[in-house]
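Read the structure below first, then the notes.
The values are calculated or read from the model by the stated rules, or taken from the named source; none is laboratory data. No experiment lies behind these values; they were computed from the predicted model shown. Glycine gets a Cβ as well: all are built from the backbone with ideal geometry, and neighbour counts include every protein chain shown.
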Amino acid sequence: MSKNPFETALTTLQEASKLAGTEPNVVKMLSQPKRIFQFAIPMKMDNGELEIFEAYRVHYNDARGQVKNGLRFVPDLDLDIVKALGFWMTIKHAVGGIPAGGGKGGVKVDPSKLSEGELERLSRAYIRKLPMKGAWVDVPGADIGTSAKTMAWMLDEYEEINGFHSPAAINDKPAATSGTVGSMEATGTGAFYVTMEVIKDMGIQKGATIAMQGFGNVGRIAARLLHDQGYKIIAIGDIKGGIQNPEGIDIPKLEEYALEQKSVVGFPGTTPISDKELFAIECDILMPAAVQSVIHDGNAADVKAKVIMECANGPVTPEGEKILLANKVHIVPDVLTNCGSAIVCAFERTQGLTDSYWDIDTVNAKLKERIVKAYRETVETAEKKNTSYRNAAWINALDKLSESMKARGWV
Ligand code: NAD
């Protein structure tokens, strides 16, 4: 039976802490959130009826700084999901060297069923009712079902409540409301920088081949940047199907096509490919950039890539990972590969606090520096401890969290 996500997170903590030699009191502190807020948002709908929405915010751990990020507006939200996501954000921030703790939250709602006005009222109400917030305690950002637009409403509401501008209080807002440039592209760009380091380390040659699942915000940007460097993207899948061309897909043209068609399927000059074939294709790098658990014990043995870059969250199951590692397939874990947006969110807060806004070259140069450092630290620990990159990333995160908790006298 599959465990609930918080139990899964705790199992990972138990395993990683054994490898890291983490003190029991640190594990105890990390086994539960520091604060949980659960509140109701009553709201008059457009038709005059009253609806009451369930809302959550978890401050999982703030030993390394204010908690940050992730508000989901989804119909299947519950406290265990929010706790698990808050814990993973704590780890991701530590892996990425971000001086912040982990937070997550949201509202149990299907935003596609709300009018624009209802969505705005709900977004504003969430911020009004959130008990602890602001640049020095909790900086919410966008996640599934929220966007730059919802974050701009939240910022505006926060500033109305307080009576002064406070751009560092909310992340993922548009640049026009004192946000940062490069936030939408940050995860794909960060994944690209890490992939280029992996390519160097593994001696993968120019013209090497890449297969990818997902051509959204993350996959599309990573594909564009890798294509620009001369790497061949030979297969891409999305929710409607997949395409392949062993000579390499023309990514700039595919971007235009996918924007219009809302899918990669049917792109001229390609032939169809199923998900099963995509994961088994002969290639150097496999980039799952769509959804979780797509590489598992049923298809891991078919993977022929030398390395898997986990752009999505949790695309490889633990059972799949065992098979891949036995077959000497490297896995660069999600907490490292996709931490680019978490890093740029930290930059967004810094820019808001200093009232000084950077250009895209500055944002990307700082992102590259930070994410490549995180990758190098991971490789070093993996070599020192003779373990996988995933274990190494978690060991580094737990070490950093332990250090902060000890320095604060918590443990
Ligand atoms: P997106 O919605 O922009 O794009 C998702 C892509 O995956 C689309 O091409 C979609 O068609 C495809 N897809 C969805 N379901 C699929 C399925 N069942 N089978 C095959 N393809 C499917 O999302 P995104 O922002 O690109 O995020 C992709 C992944 O990266 C998600 O797992 C997300 O949690 C993770 N992630 C995103 C960010 C970010 O900043 N956007 C940060 C960290 C992690």
Note to self: Based on this model, can you work out whether LYS304 counts as at pLDDT 95 or above, farther than 12 Å from VAL194 by Cβ and surrounded by fewer than 16 Cβ atoms within 10 Å (Cβ to Cβ)?
What the structure shows: yes
Next item on the list: Taking ARG376 as meeting all but one of (1) at pLDDT 95 or above; (2) not in a helix (DSSP H, G or I), write down the number of the exception.
Entry: (2)
Note to self: Can you go through ASP156, ASP172 and tell me which one is within 14 Å of the ligand (Cβ to nearest atom), closer than 27 Å to GLU54 by Cβ and either within 22 Å of the chain's Cα centre (by Cα) or modelled with pLDDT of 95 or more (or both)?
What the structure shows: ASP172
Item checked: Where GLU260 falls short, out of the listed (1) part of a helix (DSSP H, G or I); (2) in contact with a Pro (Cβ under 8 Å, 6 or more places away or on another chain) -> (2)
Item checked: Search result, residues across the stretch 229-250 that are under 12 Å from GLY207 (Cβ atoms), in contact with a helix residue (DSSP H, G or I) (Cβ under 9 Å, 6 or more places away or on another chain) and in a loop (DSSP other than H, G, I, E, B) -> GLN229, TYR231, GLY248
Note to self: Out of the residues in the stretch 378-397 meeting the condition of being farther than 18 Å from GLU23 by Cα and either among the aromatic types (Phe, Trp, Tyr) or under 19 Å from the mean Cα position of the chain (by Cα) (or both), tell me which one is surrounded by the most Cβ atoms within 10 Å (Cβ to Cβ).
What the structure shows: THR378
Next item on the list: Test each condition in (1) outside any loop (DSSP other than H, G, I, E, B); (2) within 13 Å of the ligand (Cβ to nearest atom) for LEU226 and report the one that comes out false.
Entry: (2)
Check: Just a yes or no: is a residue in the stretch 348-365 closer than 27 Å to PHE215 by Cβ, touching a helix residue (DSSP H, G or I) at 6+ places or on another chain (Cβ under 6 Å) and among the small types (Gly, Ala, Ser)?
Finding: no
Check: Pick from LYS384, LYS373, LYS368: which is in contact (Cβ under 8 Å) with a residue 40 or more places away in the chain, over 25 Å from ALA169 (Cβ atoms) and out of contact with any helix residue (DSSP H, G or I) (no Cβ under 8 Å at 6 or more places or on another chain)?
Finding: LYS373
